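A.B. asks: To start, I am sharing the structure in question, which I have written as structure tokens.
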Amino acid sequence: MYDFDRITERRNTDSVKWDIKEGELPMWVADMDFPAAPEIMEAFHERLEHPVFGYSKLRDEWYDAYIHWWEAYHGLTINQDELMFCDGVVPAVSSIIRQLTAPGDKIVLLTPNYNHFYQCIQNNGRQVSEVEMRFDGTSYRMDPVRLEQALSEPTATLMIVCNPQNPTGTVWTKPELERIGELCARHHVTVVSDEIHCDIITPGMAYVPFTGASELNKSLSITCMAPTKAFNLAGLQTAALYIPHPTLRERICSAIEKDEISMPNSFAAAAAIAAFTKGRAWLEELNEYLYRNKQIVRDFLHQEIPQIKLVWGDATYLLWLECASITTDSIKLASQIRKYTGLYVMAGSYYGKGGESFLRMNIACPQSQLLDGLERLKQAVLRFLSMGEY
């Protein structure tokens with residue numbers, strides 16, 4: 001029904017992703033090269049019919065859209081007063097850090113982890129406490145012993161969880177999320193759970209919301225939600241925070257308002273409502289397409305570049321590629337790939353401890369573009385091997 005094979009020209013559109021040299025191919029930052037769903041575009045056109053773009057407020061339909069989506073597809077019951085709008089996950093996390101922690105406090109991350117969380121922590125004068133996950137060559141799992149050691153530090157006051165995990169694509173199990181909640185409760189640590197990738201998942205699979213894993217988790221957590229990753233709406237600055245605990249909610253609401261990130265723009269609410277009420281069919285087809293893309297990458301690497309291995313993750317459109325047989329310097333590797341082939345991927349080192357010999361590749365693009373990227377990657381690897389650079 002939907003055409004994900006069509007190439008959409010994005011150069012000269014003020015795109016961060018595509019602000020690159022002619023001939024280069026960007027497969028780095030986490031936005032998709034697919035147009036927004038037609039149902040969302042219809043909502044934009046409807047809003048554009050009214051020519052005044054003054055200050056906006058949220059109507060009940062915005063709350064209802066979030067509440068129904070998470071109940072219907074993720075089994076999570078949300079009350080309207082537990083939900084608040086925010087301009088985006090990253091600014092919200094910064095506000096939460098300033099509100100709930102003190103300068104010098106340690107904030108726990110399971111690594112490798114989303115690079116902007118490091119920046120949120122460090123830019124606010126806090127310390128990153130890295131807990132490297134266990135990698136068995138195939139998948140990632142948390143290490144509860146290391147995690148408890150980090151949480152037991154007297155200055156550890158907050159933990160940020162990616163659920164599902166970015167960049168590894170790990171879908172946490174209910175027992176794992178329960179365990180994180182138990183350890184955080186034991187050591188009086190609040191959890192911020194980033195769940196904006198939760199709807200990009202292998203067809204037939206489900207993820208467990210952190211707050212839905214247990215009543216304990218519900219009492220100590222803040223969940224970041226948004227339609228931005230699943231529906232490619234990152235530039236619209238539209239997200240939400242779900243906070244069941246009333247005292248915690250009051251504190252965070254105060255912080256979000258103080259930092260002036262609680263007022264929706266003219267399109268933020270309309271986009272979310274359209275996505276969550278009319279976008280399900282588009283999303284299901286998207287997930288099927290991304291799954292095929294992931295299989296293409298897996299098979300191509302196996303047949304053409306066995307030196308690079310795909311770490312299979314069941315969530316996100318961001319692939320985690322192990323390059324340990326080539327190098328442990330992913331920054332140099334990514335730089336050389338871009339220099340010699342124009343393929344722009346992210347070095348795993350930017351995602352913290354454990355990412356040194358990995359690359360992150362965005363495969364949310366038409367398959368012809370994906371195959372172009374894989375051929376460029378192959379050219380780079382063959383060049384490295386023939387010249388003995390690594």
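The values are calculated or read from the model by the stated rules, or taken from the named source; none is laboratory data. Model, not experiment: these values are computed from the prediction. Please note: Cβ atoms are built from the backbone with ideal geometry, for glycine as well, and neighbour counts cover all protein chains shown. In case anyone asks, the SASA skips ligands and DNA or RNA and just uses the protein heavy atoms, side chains included. Shrake-Rupley method; radii C 1.70, N 1.55, O 1.52, S 1.80 Å.
A.B. asks: Please go through the stretch 311-345 and give me each residue that is outside any strand (DSSP E or B), small (Gly, Ala, Ser) and either farther than 25 Å from Asp19 by Cβ or open to solvent by 50 Å² or more (accessible area, probe 1.4 Å) (or both), ordered by number. Even if it seems obvious, please write down each step before you answer.
C.D. replies: Our first condition is that a residue be outside any strand (DSSP E or B); within the stretch 311-345, this holds for 312-314, 316-317, 323-342, 345.
If we keep only those that are small (Gly, Ala, Ser) as well, we get 313, 324-325, 330, 334-335, 342.
Of everything in the stretch 311-345, those that are outside any strand (DSSP E or B), small (Gly, Ala, Ser) and either farther than 25 Å from Asp19 by Cβ or open to solvent by 50 Å² or more (accessible area, probe 1.4 Å) (or both) turn out to be Gly313, Ala324, Ser325, Ser335.
A.B. asks: I need the full set of residues from the stretch 218-239 which are buried (at least 23 other Cβ atoms within 10 Å of the Cβ) and either farther than 20 Å from Ile201 by Cβ or modelled with pLDDT under 95 (or both), in order please.
C.D. replies: Answer for the stretch 218-239, where residues must be buried (at least 23 other Cβ atoms within 10 Å of the Cβ) and either farther than 20 Å from Ile201 by Cβ or modelled with pLDDT under 95 (or both): Ser221, Ile222, Leu236, Thr238.
A.B. asks: With Ser254, Ser262 as the choices, which residue is part of a helix (DSSP H, G or I), open to solvent by 40 Å² or more (accessible area, probe 1.4 Å), of a type in the set (Gly, Ala, Ser) and farther than 23 Å from Asp14 by Cβ? Steps first, answer last, please.
C.D. replies: Working: Ser262 fails: part of a helix (DSSP H, G or I).
It is Ser254.
A.B. asks: Would you please list the contacts, defined by Cβ atoms under 9 Å and residues six or more apart or on different chains, that run from a residue in the stretch 351-380 that is crowded, with 23+ Cβ neighbours inside 10 Å to a residue that is among the basic types (Lys, Arg) and assigned to a loop (DSSP other than H, G, I, E, B)?
C.D. replies: Matching pairs, first to second residue: Asn362/Lys17.
A.B. asks: I need a count of the residues in the stretch 86-121 that are charged (D, E, K, R) and crowded, with 24+ Cβ neighbours inside 10 Å. I'd like the intermediate steps shown before the answer.
C.D. replies: Here is the first cut: in the stretch 86-121, the ones charged (D, E, K, R) are 87, 98, 105-106.
Add one more test, that the residue is crowded, with 24+ Cβ neighbours inside 10 Å, and what stays is none.
Of the residues in the stretch 86-121, 0 are charged (D, E, K, R) and crowded, with 24+ Cβ neighbours inside 10 Å.
A.B. asks: Quickly run through the stretch 234-251 and pick out the residues that are more than 14 Å from Phe85 (Cβ to Cβ) and assigned to a loop (DSSP other than H, G, I, E, B).
C.D. replies: First pass over the stretch 234-251, keeping only residues more than 14 Å from Phe85 (Cβ to Cβ): 234-235, 244-248, 250-251.
Once the filter is applied, which keeps residues that are more than 14 Å from Phe85 (Cβ to Cβ) and assigned to a loop (DSSP other than H, G, I, E, B), the stretch 234-251 yields Pro244, His245.
A.B. asks: Taking the condition in contact with a Pro (Cβ under 8 Å, 6 or more places away or on another chain), under 30 Å from Ala65 (Cα atoms) and touching a residue at least 12 places away in the same chain (Cβ under 8 Å), does Phe85 pass?
C.D. replies: On the way: in contact with a Pro (Cβ under 8 Å, 6 or more places away or on another chain): yes; under 30 Å from Ala65 (Cα atoms): yes; touching a residue at least 12 places away in the same chain (Cβ under 8 Å): yes.
In short, yes.
A.B. asks: Let me ask something additional. Conditions: (1) over 22 Å from His116 (Cβ atoms); (2) modelled with pLDDT of 95 or more; (3) open to solvent by 90 Å² or more (accessible area, probe 1.4 Å). Val16 meets all but one. Number of the miss?
C.D. replies: All conditions are met except number (1).
A.B. asks: Something else: Taking the criterion of being modelled with pLDDT of 95 or more, closer than 25 Å to Tyr351 by Cα and open to solvent by 50 Å² or more (accessible area, probe 1.4 Å), would at least one residue in the stretch 27-40 satisfy it? Before you say what the answer is, go through the steps one by one.
C.D. replies: Within the stretch 27-40, the subset modelled with pLDDT of 95 or more is 27-40.
Filter once more, so that each one left must be closer than 25 Å to Tyr351 by Cα: 27-33.
Imposing the further condition that a residue be open to solvent by 50 Å² or more (accessible area, probe 1.4 Å) reduces the set to none.
No: zero hits.
A.B. asks: Taking Cys198 as the residue in question, decide whether it is of a type in the set (A, V, I, L, M, F, W, C), open to solvent by less than 40 Å² (accessible area, probe 1.4 Å) and in contact with a Pro (Cβ under 7 Å, 6 or more places away or on another chain). Walk me through it before giving the result.
C.D. replies: On the way: of a type in the set (A, V, I, L, M, F, W, C): yes; open to solvent by less than 40 Å² (accessible area, probe 1.4 Å): yes; in contact with a Pro (Cβ under 7 Å, 6 or more places away or on another chain): yes.
Considered against the rule, which asks whether it is of a type in the set (A, V, I, L, M, F, W, C), open to solvent by less than 40 Å² (accessible area, probe 1.4 Å) and in contact with a Pro (Cβ under 7 Å, 6 or more places away or on another chain), Cys198 comes out as yes.
A.B. asks: Does any residue of the stretch 45-67 turn out to be in a helix (DSSP H, G or I) and of a type in the set (Lys, Arg)?
C.D. replies: yes
A.B. asks: Of these, Leu151, Leu147, Leu183, which one is open to solvent by less than 10 Å² (accessible area, probe 1.4 Å) and touching an Asp or Glu at 6+ places or on another chain (Cβ under 7 Å)?
C.D. replies: Values: Leu151 fails: touching an Asp or Glu at 6+ places or on another chain (Cβ under 7 Å); Leu147 fails: touching an Asp or Glu at 6+ places or on another chain (Cβ under 7 Å).
None of the others qualify; the one that does is Leu183.
A.B. asks: Any residue at all in the stretch 179-189 that is within 24 Å of Arg280 (Cβ to Cβ), at pLDDT 95 or above and of a type in the set (A, V, I, L, M)? Give the steps one after another, and end with the answer.
C.D. replies: Residues of the stretch 179-189 within 24 Å of Arg280 (Cβ to Cβ): none.
Within the stretch 179-189, none of the residues are within 24 Å of Arg280 (Cβ to Cβ), at pLDDT 95 or above and of a type in the set (A, V, I, L, M).
A.B. asks: For the list (1) open to solvent by 40 Å² or more (accessible area, probe 1.4 Å); (2) closer than 27 Å to Ile201 by Cα, I need the number of the one condition that Leu83 fails.
C.D. replies: Here Leu83 clears every test but (1).
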